[in-house]
Amino acid sequence: MHALEALRLGHTVIHLDRDREPRGATVRNFGLVWVSGRAPGAELDAALRARERWEELGRRAPGIGFRPDGSLTLARLPEEVHVLEEVANRADAERRGLRLLSAEQVRERNPALRGELLAGLLCERDAVVEPGRTLPALRALADATGGYRFLGARTVTEVHAGHVVDHLGVRHEADVIVVCPGAETQGPMAQLLVDTPLRRVRLQMLQTEPLGERLTTSIADGDSLRYYPAFRVPSLGRLPAPEPVVAAHHVQLLVSQRADGALTVGDTHAYDEPFDFALDEAPTRHLLERLASFLGRPAPAVTRRWSGVYSQATDDALCWRDQVQPGVWVVTGPGGRGMTLAPALAEDTWELIG
């Protein structure tokens, strides 16, 4: 997104990427453009700006697979319904496109949800893209504009004011250097990230076989209320304690449907390093059981499982962004908001650079 924004502003761009093809957090996620959970104020403003930009990019690059499907946050407990009611009555509900639906209205909006639930919070501003296709589609869009050169499988080993050096010893000169290291904190990135308010977060996710019908919205469960800042309302404190597996793995159910009908299901959150090298089956069983309870039938068979790590700012900033050397900017740490906020974060970076 930083490259696309630079091209839009009339610059030429050399794009160095340590991977030949996407392998990191951007392809290990739900593809959600998630307005519903964003904190009121600057974070919501950025999410809405980014949502508009995603829709525009989706028209220019259909391979992104942008779909304005919206989302439903589903309540199983009366205490969860009270939180949804409070959020639906807040002053910013109209900006988010929020509306509280009864169980019957939920099933009308998303007929695949034939299981147990009391109510659902519809967010019409939420959307979805195809994470595995988005970066290639954006790169093709950049290629078509001219002035763009992509160099994959190039690890940057030195970063200086005015130039970087890759692992092949090639020197690349530039007026401005934007470093987006993701969750990489070792090697040459370490010197750029000293004493920064960042932590790394590990997650587990999975993908199923095609559902066999259209999931007309993305869905989230009541445990997501504890996770997203939009739901920090007084009634949140009256939620019952989470189930032990939820508490141990910081689990929330999120589900988005891929273009081929498969479901992306997650996720867990681990904050203490060193992270386990193995995947834990207990939260996976919980997620699939919770999904089945909403569908009213067993979830489709699992075809793939994976883990991922992203970088998260530990203060109230949308990301960590700083000029670490003259003309050298580092941008990282959006946490689980990276896919949603990327277009807005890129715009903000270039506004700061001037």
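Just so it is clear, none of the values below were taken in a lab; they were calculated from the coordinates. Owing to the predicted nature of the structure, the values given are computational and were not obtained by experimental measurement. Note that each Cβ is placed from the backbone with ideal geometry, even for glycine, and that neighbours are counted across all protein chains shown.
Would you mind ranking 264, 303 by Cβ crowding within 10 Å, fewest neighbours first? Let's see the in-between values first.
Numbers: 264 23, 303 12.
Lowest to highest Cβ neighbour count: 303, 264.
With Kirkwood radius over Cα pairs in Å in mind, check [x] 21.2; [y] 22.1; [z] 23.9 and report the label derived from this structure. Evaluating Kirkwood radius over Cα pairs in Å on these atoms matches [x]. By the count of other C-beta atoms within 10 Å, a proxy for reagent exposure, 284, 340, 314, 216 are ordered fewest to most as 314, 216, 284, 340. Modelled label positions at residue 95 and residue 158, each set 7 Å beyond Cα in the direction of Cβ, lie 4.7 nm from each other. Going from the fewest other Cβ atoms within 10 Å to the most, the residues 195, 315, 143, 126 appear in the order 195, 315, 143, 126.
Suppose we keep just the DSSP beta bridges with both residues in the chain; what percent of those would be antiparallel, to 5?
Taking every DSSP beta bridge with both residues in the chain, the antiparallel ones total about 85 percent.
Can you list the residues of segment 123-151 with backbone N under 13 Å from a point 7 Å past the Cα of residue 170, pointing along Cα to Cβ? So the set is 149-151.
Checking every one of the GluC sites (Glu not before Pro) in segment 149-248 against DSSP loop status and a limit of 16 other Cβ atoms within 10 Å picks out 213. Please report how far the C-alpha centroid of segment 183-222 lies from that of segment 273-322, rounded to the nearest whole angstrom. Taking the Cα centre of segment 273-322 as reference, the centre of segment 183-222 is 8 Å away.
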